[in-house]
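Structure first, commentary second.
Please treat every number below as a calculation from the coordinates, not as lab data. Computed from a prediction, not measured in an experiment: that's the story for all the values here. Because the Cβ atoms are built from the backbone with ideal geometry, glycine has one as well, and the counts that use them run over all protein chains shown.
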Amino acid sequence: MFKKITITKRQKFVASTLILSTGLLIVQLANISWRYQAIAILVLLTYFLSGWSLREGLSGIEWLTVLILPVLFTAGIGLFYFLIPARWLTRLPVIALYGLGFYALMLTENIFSVAAIRTIQLLRSAQTVGFLLTLMTSFFLFDTVLSYRFGPWLNFFLVFLASFPLVLQGLWYINLEEKISKKIWLYTTVLSLVLAEFGLAFSFWPVNVAVGSLALTTVAYLTLGLTQHKLGERLFPKTIREYLISGILVLLIIFLTTRWGG
């Protein structure tokens, strides 16, 4: 008789990370005319592998909310990958960053999927990691949008499109509700519109792509971070000051280092 082989969640996380990291490398080596199709395939593969790895804890709306960030993390780094020099010196660090980030993301999303059923002590730490990975993904997506030098209104639309699912999952995992409430939908729409408006403004701002992306990510840090604390009923005056001081300092540095002349 054959012995049934059981695969633990950790082994699934490692297998998914290795498969997708290899896929990201293959995408970079693919012919330029096929790269966007390859990214689309890799994004779909990310959804299925993430669902396979986490399926024991997923139910209902979690098939959307828990899997949003892994999918967009892959899309963000995959698209950003096209924008860096095609050298092994840059390819390998990006692959390593993706692998470490995706594995951490699997551990984080696993906590969210389990914590939706029962209380887990690691939830607060997972929310912090989720917030950081959301900001990282935001930067990669914003950088991609601004790199193509589209018109201001198309930038507005694309920044809104990229922000909406990121903000949605970032607000949902604070209280891990069985259904997405009207409050979450409203906050998501408002924050995404704020980010889109800043994307529109930065289209006219004489900054380079990296600085513009950092500025947009700083806005995401401020708006999403403060809203998360409000939903978690932890929005104290000290917290507001800390977010505003750090965010305004970054934006002020960007403003002062901008070359306003011709």
- [ ] Would you mind ranking I240, I95 by Cβ crowding within 10 Å, fewest neighbours first?
- [x] I240, I95
Open item on the list: So, R0 is 22 Å and r is the distance between the beta-carbons of W34 and L83; what FRET efficiency does that work out to, to 0.05?
Closed with: 0.80
Task: Label corresponding to percent of Cα pairs over 23 Å apart when calculated from the structure given, among [x] 49; [y] 61; [z] 54 - done: [z]
Open item on the list: Suppose only helical runs count, i.e. DSSP H with n ≥ 4. What mean residue ellipticity at 222 nm does that imply for the chain under -39500 (n - 2.57) per run, divided by all residues and rounded to the nearest 500 deg cm²/dmol?
Closed with: -27000 deg cm²/dmol
Task: Under Karplus coefficients 6.51, -1.76 and 1.60, residue-wise ³J(HN,Hα) of the range 33-42 in Hz, glycine/proline x - done: 6, 10, 5, 5, 5, 5, 5, 4, 5, 5
Open item on the list: Using Cβ counts within 10 Å as a stand-in for footprinting exposure, how do K230, K183 rank, fewest first?
Closed with: K183, K230
Task: Potential extension, N175-L132 segment - 0.36 nm per residue separation minus Cα distance - done: 13.7 nm
- [ ] Please state the charge dipole magnitude for the range 131-262, taken about the Cα centre, from unit charges on C-beta atoms (+1 on K and R, -1 on D and E), reported in debye and rounded to the nearest 20.
- [x] 180 debye
Task: Point-to-point label distance, W185-L161, nm (Cα→Cβ direction, 7 Å offset) - done: 2.2 nm
Open item on the list: Let's test the formula: R0 of 22 Å, r as the Cβ-Cβ distance of F204 and T257. What FRET efficiency results, to the nearest 0.05?
Closed with: 0.80
TODO: Subtract the Cα-Cα distance of S125 and T90 from 0.36 nm times their separation in residues, and report this length gain in nm to one decimal.
DONE: 9.5 nm
TODO: Compute the FRET efficiency between L44 and R241 as 1/(1 + (r/R0)^6), taking r as their Cβ-Cβ distance and R0 = 35 Å, and round to the nearest 0.05.
DONE: 0.20
- [ ] Once you have the Cα-Cα distance between E56 and I19, take 0.36 nm times their residue separation minus that, and quote the gain in nm to one decimal.
- [x] 11.3 nm
Task: Span from the the range 224-262 Cα centroid across to the the range 6-59 one, whole angstrom - done: 34 Å
